[in-house]
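Accompanying notes for the structure given below.
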Amino acid sequence: MENRLLKVSAFPHIKAKDSVKTIMLDVIIALLPAMLMGIRFYGIDAAIIYASTIGAALLSELLWNKVVKGEFVLEDFSGAVTAILISLIMPSYVAPWVPAVATVFVIIILKQCFGGLGGNFINPAATAKVFIIASWTSQLIQPATDGLTSASASAYTPSLKEIFLGYASGNIGEASILALIIGGLYLLFRGRIDGKGTLAFLGSVALFSFVIGADGLFKGNVIDGLMVGNIFLVGIFMVNDFVTTPVTSVGKIIFGAGCGLLTVLFKVIGHNSDGAFYAIMLMNLFTPMIDSFTMPKAKKEAV
């Protein structure tokens, strides 16, 4: 019998008529509510950051394809998706060149140098955030304003309704939890995600926010731990990344739960409000092992 080698492409594997472009376009549509709410609360500053990251992603991919492949083309919308996610996890006051440089870094070094779409082993947007924290921490610190305004802003505590519907606090894409949920429901309706990883992540964050409290075991505040914009952004759009997360149902649940536990540990013990991004990157490293243990084993037939 002739032995033939089959060429297996990288994730995402398409099992229907949908193309990678169609899937990525759906993700962009799902991100639009959060983008619009960002503009609603942060105005032109948010729009400039969107433009800088998306422009950097498209230009870097075009130049790479021209130099390496000899074609001045864009193969898909994955670069735009990465750029939008990076912009959404930025504060509105960051200098536009900072997320632009981080976008070029992850597009070229993390994505293209590892084989292009499907070759990266950790989430590009989370990596960009950590890259900026390590390189330009000062850029993520809000510039000082007059003392009276700063004191008034820090003293105000938004209600749960404001946090859920929309409130200008934190990063651009975290302004409205409702907007993020609408995007997630769209992806669920379109069949792009199944929700297992998201529910496992949110449930894990809620559980361990109570168990691992700042004041001791079983003294945590579930609402404070869960009702944070970056928790829903990570839970919907990063936990369900097509390339860097497990493909099996059990694997998705394990991955989501692990991300939730690590997020709480980084936040409570490490005092790091961006712990969710570190959690995603760390769990990405275990994705192959999780898939290996949870993938159904083929039964050997008797000869």
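The values are calculated or read from the model by the stated rules, or taken from the named source; none is laboratory data. What you are looking at is a predicted structure, and each value in this text was computed from that prediction instead of being measured. In this analysis, Cβ positions are derived from the backbone assuming ideal geometry, glycine residues included, and neighbour counts consider all displayed protein chains. Heads up: the accessible areas ignore ligands, DNA and RNA and are worked out on the full protein's heavy atoms, side chains in. Shrake-Rupley method; radii C 1.70, N 1.55, O 1.52, S 1.80 Å.
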Inset, instruction - Examine region 235-249 for a residue that is out of contact with any Phe, Trp or Tyr (no Cβ under 9 Å at 6 or more places or on another chain), of a type in the set (Gly, Ala, Ser) and assigned to a helix (DSSP H, G or I), and state whether such a residue exists. - result: yes
Inset, instruction - Output the residues belonging to region 185-234 that are in contact (Cβ under 8 Å) with a residue 24 or more places away in the chain, within 23 Å of ILE28 (Cβ to Cβ), open to solvent by less than 40 Å² (accessible area, probe 1.4 Å) and assigned to a loop (DSSP other than H, G, I, E, B). - result: ARG192, ILE193
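Which of the residues belonging to region 112-126 are under 12 Å from SER78 (Cβ atoms), of a type in the set (A, V, I, L, M, F, W, C) and open to solvent by 10 Å² or more (accessible area, probe 1.4 Å)?
LEU117
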Inset, instruction - Could you run through region 250-303 and say how many residues are free of Cβ contacts under 8 Å to residues at least 24 places away in the same chain, surrounded by fewer than 21 Cβ atoms within 10 Å (Cβ to Cβ), aliphatic (A, V, I, L, M) and part of a helix (DSSP H, G or I)? - result: 2
Inset, instruction - Being open to solvent by less than 20 Å² (accessible area, probe 1.4 Å) and under 13 Å from LEU226 (Cβ atoms) is the filter here, so list the residues in region 159-179 that pass it. - result: ILE177
Legend entry - Count of residues meeting criterion [surrounded by 15 or more Cβ atoms within 10 Å (Cβ to Cβ), under 17 Å from LEU25 (Cα atoms) and not small (Gly, Ala, Ser)] in region 62-84: 6
